[in-house]
């Protein structure tokens, strides 16, 4: 049982196989667990309805598209009342791929993918630091990513 969602061993196998490779054919999973493809589809609908599964997506390789710099930026706001308008502006910047409203030093913590360090500097100076309410930023450039995974059930 996960937060009121009742899942069994078959559900766990379905989830594990699809998290490993979302293109795994339903019939392959059905044969593995010994139930019909239709039953797998019904279980997936149940898991989606319960919001344990919230979608599926194709993952692009940013480096293959020329995005070689990953940066994390802590954003200090003049006032917490500026949060919504700052987020609205950050959503307009395609290189911003994540944002988090945080406790601690920063009001907002974002992840950006940039072509290179010069691109990052341009985006910081011309797009982010010009947002009304942004007092200052603190930037961390990622040198390497060793872990990229989802939570296990």
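The values are calculated or read from the model by the stated rules, or taken from the named source; none is laboratory data. Owing to the predicted nature of the structure, the values given are computational and were not obtained by experimental measurement. Cβ coordinates were reconstructed from backbone atoms using ideal geometry, including for glycine residues, and neighbour counts include every protein chain displayed.
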Next item on the list: Name the residue, out of 35, 26, 75, 110, that is more than 19 Å from residue 133 (Cα to Cα), surrounded by 17 or more Cβ atoms within 10 Å (Cβ to Cβ) and modelled with pLDDT of 95 or more.
Entry: 26
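Can you say whether residue 136 is farther than 30 Å from residue 8 by Cβ, out of contact with any helix residue (DSSP H, G or I) (no Cβ under 9 Å at 6 or more places or on another chain) and either modelled with pLDDT under 95 or not assigned by TED's automatic domain parsing to the domain that holds residue 21 (or both), as far as the supplied structure shows?
yes
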Note to self: Based on this model, can you work out whether residue 105 counts as at pLDDT below 95, closer than 30 Å to residue 134 by Cβ and in contact with a strand residue (DSSP E or B) (Cβ under 8 Å, 6 or more places away or on another chain)?
What the structure shows: yes
Check: Looking at (1) free of Cβ contacts under 8 Å to residues at least 24 places away in the same chain; (2) surrounded by 12 or more Cβ atoms within 10 Å (Cβ to Cβ); (3) farther than 30 Å from residue 6 by Cα, which is the one condition that is false for residue 65?
Finding: (2)
Notebook entry, point to check: Of (1) without any contact (Cβ under 8 Å) to a residue 24 or more places away in the chain; (2) more than 23 Å from residue 148 (Cβ to Cβ), residue 40 satisfies all except one. Which?
Noted result: (1)
Margin query: Kindly evaluate residue 122 against the criterion of being under 20 Å from the mean Cα position of the chain (by Cα) and not assigned by TED's automatic domain parsing to the domain that holds residue 20.
Written below: no
Next item on the list: Name every residue in the stretch 5-28 that is part of a loop (DSSP other than H, G, I, E, B) and under 17 Å from residue 152 (Cα atoms), in order of residue number.
Entry: 6, 7, 8, 21, 22
